[in-house]
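Only one structure is covered here, and it is reproduced in the block below.
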Ligand code: ARG
């Protein structure tokens, strides 16, 4: 048998080089090595409990695996070119420590099929916790900016057209809530990740009197899987993780796009901190939002990882197929990309500075107070459809005269409708419009403060 390869007895010839290169996964699955050692410790205990290891062998194996794990964790133990996968590499490492006889006992009653299915779940369980931590920091950055800039107004947009004035803090927090939902998606996913396939063996379940529940508990799972075929072949939880990560990427890309727009000369709402912007090699004046653009770009990659994974899973017959090895690179990549872009977006958001005057000047542009005029008429008994019509005519008149709504004279107002008295001007202000939206979830200052408090409580930021 080739070292670092866990099969070979029935073969006369060594694997062809090309086949071996295709089969090999150590360059990406070795990141599961420490977790695999934990699995091996639990498995050694299960073998001992089933009476398959003497007390001495048990102790010898535990000590050897612990030493190997230490070497893995410090980087002292590395895979070699001859190692087919993480499991093969570790058996080679264990053999080096405890000898062939003892190391050879550990493989009894387990298969790489149940091992790998368990390891990816363990990895993702840790991953979801790390990711929630990064998301919480990102939300905290948005909350801090919302607090710091409380009261600043900006144009709210629909269809990219200026629609109604809103508070900047309200808009910033609108980017926080999707991340709150993503945290809850991760929590939820964690419940489904909490069943251990260890003990499912190749597909049919463990022989030798091994207890999957014991191993599951030892590895911190809630329990073991109810079906060994499903346990070894299901990767829906990996796809679900890829989905949540893609969703996070998509949500980040929407904020990225906002920031890119806010920093254009045309909008001029915000400027980037020097430490979070890049320059141009040819245009000395440029300050580019590359961070936001890379984040927007990475969202595509995260979606690709999800769709690639789903395509791999589609139509796969039960139980284990080698195609399943293709689950790891995309999901690891999604984890790695988010570990890069979430802190970057947190830094970008924390250091953005806003131009209150510019945002205010645009807040009432594009007749953004027209809805307030219509609402004012409704409060005076005019049916909304009629109020909509009257206000539309007011906008048209302003457009021809090149004036703003609040500049319409008394005669002009009354010519549009006898209901439209000069008093309407009281609501034709940006602050008036903002404070009028005082229902739960609205942009009125008191509601945004309330929302910010609620967000902080929800995420445990206090
Ligand atoms: N490396 C494989 C995977 O990631 C696990 C090994 C199972 N290989 C096998 N021939 N049964 O899915």
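Filter the range 79-94 for residues that are away from the ligand (no atom under 16 Å from the Cβ) and touching a residue at least 24 places away in the same chain (Cβ under 8 Å) and give the result.
Matches in the range 79-94: 80, 93, 94.
Please find, among 262, 276, the residue that is touching a helix residue (DSSP H, G or I) at 6+ places or on another chain (Cβ under 7 Å) and more than 30 Å from residue 234 (Cβ to Cβ).
276
Restricting to the range 246-287, name every residue that is modelled with pLDDT under 95, out of contact with any strand residue (DSSP E or B) (no Cβ under 9 Å at 6 or more places or on another chain) and surrounded by 15 or more Cβ atoms within 10 Å (Cβ to Cβ).
Passing the criteria: only 276.
Report yes if some residue within the range 370-388 is more than 16 Å from the ligand (Cβ to nearest atom), under 30 Å from residue 130 (Cα atoms) and in contact (Cβ under 8 Å) with a residue 60 or more places away in the chain; otherwise report no.
Our first condition is that a residue be more than 16 Å from the ligand (Cβ to nearest atom); within the range 370-388, this holds for 370-388.
From what's left, under 30 Å from residue 130 (Cα atoms): none.
For the range 370-388, residues more than 16 Å from the ligand (Cβ to nearest atom), under 30 Å from residue 130 (Cα atoms) and in contact (Cβ under 8 Å) with a residue 60 or more places away in the chain: absent.
Any idea which residue in the range 318-339 is farthest from residue 28 (Cα to Cα), counting only those that are free of Cβ contacts under 8 Å to residues at least 40 places away in the same chain and more than 10 Å from the ligand (Cβ to nearest atom)?
In this case the residue turns out to be 336.
Return the residues of the range 309-325 that are surrounded by fewer than 16 Cβ atoms within 10 Å (Cβ to Cβ) and assigned to a helix (DSSP H, G or I); say none if nothing qualifies.
Answer for the range 309-325, where residues must be surrounded by fewer than 16 Cβ atoms within 10 Å (Cβ to Cβ) and assigned to a helix (DSSP H, G or I): 310, 311, 322, 323.
Take residues that are within 28 Å of residue 167 (Cα to Cα) and tell me which of the helices (runs of 4 or more DSSP H) falling wholly in the range 374-438 contain 1 or more.
Those helices (runs of 4 or more DSSP H) span 384-401, 430-436.
Collect the residues in the range 288-307 that are free of Cβ contacts under 8 Å to residues at least 24 places away in the same chain, touching a strand residue (DSSP E or B) at 6+ places or on another chain (Cβ under 9 Å) and more than 15 Å from residue 342 (Cα to Cα), keeping them in residue-number order.
Correct list: 288 only.
Residues checked against (1) more than 13 Å from the ligand (Cβ to nearest atom); (2) in a helix (DSSP H, G or I); (3) in contact (Cβ under 8 Å) with a residue 60 or more places away in the chain:
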{"residue": "29", "(1), (2), (3)": "no, yes, yes"}
{"residue": "32", "(1), (2), (3)": "no, yes, yes"}
{"residue": "40", "(1), (2), (3)": "yes, yes, yes"}
{"residue": "45", "(1), (2), (3)": "yes, yes, yes"}
{"residue": "62", "(1), (2), (3)": "yes, yes, no"}
{"residue": "101", "(1), (2), (3)": "yes, yes, no"}
{"residue": "117", "(1), (2), (3)": "no, yes, yes"}
{"residue": "120", "(1), (2), (3)": "no, yes, yes"}
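Do you know which residues across the range 202-215 are buried (at least 21 other Cβ atoms within 10 Å of the Cβ) and farther than 20 Å from residue 320 by Cα? So that I can check it myself, show each step before the final result.
Of all residues in the range 202-215, those buried (at least 21 other Cβ atoms within 10 Å of the Cβ) come to 206, 210, 212, 215.
210, 215 - these are the residues of the range 202-215 that are buried (at least 21 other Cβ atoms within 10 Å of the Cβ) and farther than 20 Å from residue 320 by Cα.
Right, residue 207: farther than 16 Å from residue 120 by Cα and assigned to a loop (DSSP other than H, G, I, E, B) or not?
Yes, satisfied.
When the range 121-140 is examined, which residues are found to be within 24 Å of residue 352 (Cβ to Cβ) and crowded, with 21+ Cβ neighbours inside 10 Å?
Scanning the range 121-140 gives 131, 135, 138, 139.
The values are calculated or read from the model by the stated rules, or taken from the named source; none is laboratory data. Keep in mind the model is a prediction, meaning the values are calculated, not measured. Here Cβ is always computed from backbone atoms with ideal geometry, including for glycine, and neighbour counts include all displayed protein chains.
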